[in-house]
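First comes the structure, then the notes that go with it.
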Amino acid sequence: MDHLVLEVGLAIALIALAGLLSAKLRFSVVPFYILVGMAVGPHAFHFGSFDFRFIESAPLIDFMGRIGVLFLLFYLGLEFSVGRLIKSGRSIVVGGSIYIAINFTLGLMIGIFAGFPLAETLIVAGITTISSSAIVAKVLVDLRRTANPETEMILGIIMFEDVFLAVYISILSGLVLSGSSSLGGVLISAVIALGFMLLVIIIGRKAVPLLNKALNIRSNELFALVVFGALFLLAGFAETIHVAEAIGALLVGLVLAETEHRERIEHLILPFRDFFGAIFFFSFGLTIVPSELGGAVWLSLIAVIITLLGNFIAGMLAGRSAGLSSKASSNIGLTIVSRGEFSIILANMGKAGGLATFIQPFAALYVLILAILGPLLTKESKHVYNFLNKIFKFKDHKEKKPVKPKLKDESASG
């Protein structure tokens, strides 16, 4: 561990160079962070004291990346609010169900038509269903879309996916790792995940006056310690009951967004969000070995095309079910198309269960392509929508009433 600090410094320097390049090209920074991570790693070289393999520092960089996900989701929660989430509860359940049903069905079809065994098919379906909460959070904040009308549905789908993921991982761990699965265990996992989210939201909403007093701290040092302590404790506890730690962080943000200290917390979190968030995407790139991607090219490309179509349709249906305009609805499908950390988790489960070796390279290439396309499609969502609108002529029911000024909020959704 003699060169640990030097390796971390080298990683941060590479991330900074990637960020400068993306700014110069005026392109989303996320793909650049991932690609620079791919360019180095165990397959790279070392020159004197500069080791681009990052062997010693890999566990630390990975942990810092996990912290990055927490800050990204925490900040996103701060930009939103529990009140808005509760008002959209029914729409979120309907929209989330539509999104999961369409993408999961398409994932099963990919596995079935490719002739994969049942276990491999279920893993592939999971990989292609769950979006990346970290990338979605980064894109929404960077493009300043947290106040858009479709954002509450996007956040709701992310949380709905986590309930689905808790149930699905329970099923897969039984089938893939032990060869059996308990229905009771699956139901308990689902109830615990959903109950935990509802409990935090309800208690947090009731505790706002108490939180206002508790956070009335003059010292910035103590204020930071209290906020960080709450963030890491709740996120860590969420992980112990099989709810994604990122969702725990999102819930803390949603609760604290209701307090009178929200702006102070945002200013405190901002530099941590940007720094550790960048490390997350770099560490994600480190897990991808370019030499192993070749055998999964065609399957990955087919899966990407199917996911793009499925996501857009699911986004349109979910948005329209909530009364959003076609433009705002299209933004839903384009924003949450990115796949990331959860897909890699499922691929690793397949590897641990001794399933077919194609799963790892397939997941890596599939995730890489969508991690690049996702931010790009979100940024250019206005042009994508206008292009598709010329072909399909989307119609909004609200637009039939010419004197309705309520559409002005949705005009900012591009």
> Listed residues Thr259, Thr287; which is out of contact with any helix residue (DSSP H, G or I) (no Cβ under 6 Å at 6 or more places or on another chain) and crowded, with 18+ Cβ neighbours inside 10 Å?
Replying inline: Thr287
> How about the stretch 309-359: which of its residues are closer than 16 Å to Ile110 by Cβ and not aliphatic (A, V, I, L, M)?
Replying inline: Gly310, Asn311, Arg339, Ser343, Gly350, Phe358
>> I'd like the full set of residues that are buried (at least 20 other Cβ atoms within 10 Å of the Cβ), at pLDDT below 85 and either part of a helix (DSSP H, G or I) or in contact with a Pro (Cβ under 9 Å, 6 or more places away or on another chain) (or both), limited to the stretch 73-90.
In response: Leu73, Leu76, Gly77, Glu79, Val82, Leu85
>> Could you check the stretch 286-302 and list, in sequence order, the residues that are in contact with a Leu (Cβ under 9 Å, 6 or more places away or on another chain) and either modelled with pLDDT of 95 or more or aliphatic (A, V, I, L, M) (or both)?
In response: Ile288, Leu293, Ala296, Val297, Leu299, Leu301
>> What's the total number of residues in the stretch 124-144 that are open to solvent by less than 10 Å² (accessible area, probe 1.4 Å), over 9 Å from the mean Cα position of the chain (by Cα) and either of a type in the set (Lys, Arg) or more than 19 Å from Thr307 (Cβ to Cβ) (or both)?
In response: 1
> Could you list, in sequence order, the residues of the stretch 292-303 that are assigned to a helix (DSSP H, G or I) and touching a helix residue (DSSP H, G or I) at 6+ places or on another chain (Cβ under 9 Å)?
Replying inline: Glu292, Gly294, Gly295, Ala296, Val297, Leu299, Ser300, Leu301, Ile302, Ala303
>> Quick test for you: out of Ser283, Ser329, pick the one residue that is at pLDDT 90 or above, of a type in the set (Ser, Thr, Tyr) and in a helix (DSSP H, G or I).
In response: Ser329
> Exactly one of (1) open to solvent by 10 Å² or more (accessible area, probe 1.4 Å); (2) in a helix (DSSP H, G or I); (3) not β-branched (Val, Ile, Thr) is unmet by Gly319. Its number?
Replying inline: (1)
> Under 9 Å by Cβ, and 6 or more places apart or on different chains, what pairs join a residue from the stretch 91-106 that is in a helix (DSSP H, G or I) with one that is surrounded by fewer than 21 Cβ atoms within 10 Å (Cβ to Cβ) and hydroxyl-bearing (Ser, Thr, Tyr)?
Replying inline: Ser91/Ser321; Val94/Ser321; Gly95/Ser88; Gly95/Ser321; Ile98/Ser321
>> I want to confirm something. Restricting to the stretch 205-243 and keeping residues that are open to solvent by less than 70 Å² (accessible area, probe 1.4 Å) and outside any helix (DSSP H, G or I), which single residue is farthest from Ile192 (Cα to Cα)?
In response: Ser219
> Residues of the stretch 3-52 being touching a strand residue (DSSP E or B) at 6+ places or on another chain (Cβ under 8 Å) and open to solvent by less than 70 Å² (accessible area, probe 1.4 Å), which ones?
Replying inline: Leu6, Glu7, Leu10, Phe52
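The values are calculated or read from the model by the stated rules, or taken from the named source; none is laboratory data. Every value quoted in this text rests on a predicted model; they were computed, and no experiment measured them. Because the Cβ atoms are built from the backbone with ideal geometry, glycine has one as well, and the counts that use them run over all protein chains shown. Accessible surface areas use protein heavy atoms only, side chains included; no ligands, DNA or RNA. Shrake-Rupley method; radii C 1.70, N 1.55, O 1.52, S 1.80 Å.
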